[in-house]
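The values are calculated or read from the model by the stated rules, or taken from the named source; none is laboratory data. Quick caveat, the model's predicted, so the values are computed rather than measured. Cβ placement follows ideal geometry from the backbone for every residue including glycine, while neighbour counts extend to all protein chains displayed. Quick note on the areas: whole protein, heavy atoms, side chains included, nothing else; ligands and nucleic acids left out. Shrake-Rupley method; radii C 1.70, N 1.55, O 1.52, S 1.80 Å.
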Amino acid sequence: MVTAAGFAGFEITWRKEVFDGAPQESSAASFGTVGINWRARKT
């Protein structure tokens, strides 16, 4: 798969609810906010 930005092999390697326990946790959860690390190759 090649994305519109020209990346191939796109993969999410880590995902976490980064606002767990923070004062803004409920606001972040309302928007589905998560932290991710990703990797891909530029074609």
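First compute the accessible area of the chain with a 1.4 Å probe, then give the percent of it belonging to carbon and sulfur atoms. C and S fraction of accessible area: 54 percent.
What is the local net charge at F7, summed over the other residues whose Cβ is closer than 15 Å to its Cβ (Lys, Arg +1; Asp, Glu -1)? Please report the intermediate quantities before stating the final value.
Values: positive: R39, R41, K42; negative: E11.
Charge balance near F7 sits at +2.
Kindly provide the helix-only [θ] at 222 nm of the chain, computed as the sum of -39,500 (n - 2.57) over DSSP H runs of four or more divided by all residues, to the nearest 500 deg cm²/dmol? Write down the numbers at each step before the final one.
Working: 1 runs with 6 residues, N = 43.
Value at 222 nm, helices only: -3000 deg cm²/dmol.
Extending 7 Å from Cα along the Cβ direction at E25 and again at A40 yields two label points whose distance is 3.2 nm. If you sort F10, F31 by accessible surface, 1.4 Å probe, largest first, the order is F31, F10.
Heavy-atom accessible surface of the chain, averaged per residue, reaches 83 Å², computed with a 1.4 Å probe. Dipole of the chain computed with +1 at Lys/Arg Cβ and -1 at Asp/Glu Cβ about the Cα centre; of V18, A40, A29, farthest Cα towards the positive end is A40. Amide H to amide H distances under 5 Å link V18 with G35, where only residues 5 or more positions off or on other chains count and H is placed in the peptide plane. Heavy-atom accessible surface of W14, to the nearest 10 Å², is about 110 Å², with a 1.4 Å probe and all protein chains retained. The largest-to-smallest principal axis extents of the Cα set in the chain are 41, 17, 11 Å.
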